Amino acid sequence: MKILVVDDEQDVRTLFEQRFRREIRNGLFTFSFAYSGEEALDYLHGHASEVVLILSDINMPGMSGLELLRHIRQEYGAPPPSPPQVMMITAYGDDDSRQQALALGANDFLSKPVDFAALKEKLLHLTEHEN
């Protein structure tokens, strides 16, 4: 499963590569990273058919995760089952953003700090349904 992680914090890449080392090595997940909404859209324009899931932070400078979600749904269709699925990462208790993201067609939510055990479970569940 190809996953695009969108977050303005550079250390997110290291974190994901450490937490999913075994799954990456076994070819279960492939991660790509974008550090802004604009960079994510550029990446999608070249790789849209490959990306199954997007994990996007909501609060980023420039294009927010919500704006990115709006662009994705306009260009690639609304859920379900149209890929890519989009999980939004929200600050704990940020209910306004959560409601906006739901209205824009987010598939799921994670709160910061990310619970990687729960995320891994969700991703494995999605992988099962993909096959």
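The values are calculated or read from the model by the stated rules, or taken from the named source; none is laboratory data. All values reported here derive from a predicted model rather than from experimental measurement. Because the Cβ atoms are built from the backbone with ideal geometry, glycine has one as well, and the counts that use them run over all protein chains shown.
The set of residues from segment 103-125 being modelled with pLDDT of 90 or more and in a helix (DSSP H, G or I) comprises 103, 104, 116, 117, 118, 119, 120, 121, 122, 123, 124.
None of 32, 56 is of a type in the set (Ser, Thr, Tyr), under 21 Å from residue 111 (Cβ atoms) and assigned to a strand (DSSP E or B) except 56.
This table checks each residue for (1) under 22 Å from residue 127 (Cα atoms); (2) loosely packed, with under 14 Cβ neighbours inside 10 Å.
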| residue | (1), (2) |
| --- | --- |
| 7 | no, no |
| 17 | yes, yes |
| 23 | yes, no |
| 26 | yes, yes |
| 38 | no, no |
| 46 | no, yes |
| 66 | no, no |
| 88 | yes, no |
| 105 | yes, no |
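Would segment 24-37 turn up any residue that is charged (D, E, K, R), touching a residue at least 12 places away in the same chain (Cβ under 8 Å) and out of contact with any Pro (no Cβ under 6 Å at 6 or more places or on another chain)? No, because not a single residue in segment 24-37 is charged (D, E, K, R), touching a residue at least 12 places away in the same chain (Cβ under 8 Å) and out of contact with any Pro (no Cβ under 6 Å at 6 or more places or on another chain).
Take the conditions (1) out of contact with any strand residue (DSSP E or B) (no Cβ under 6 Å at 6 or more places or on another chain); (2) part of a helix (DSSP H, G or I); (3) among the hydroxyl-bearing types (Ser, Thr, Tyr); residue 43 misses just one of them, which is (1).
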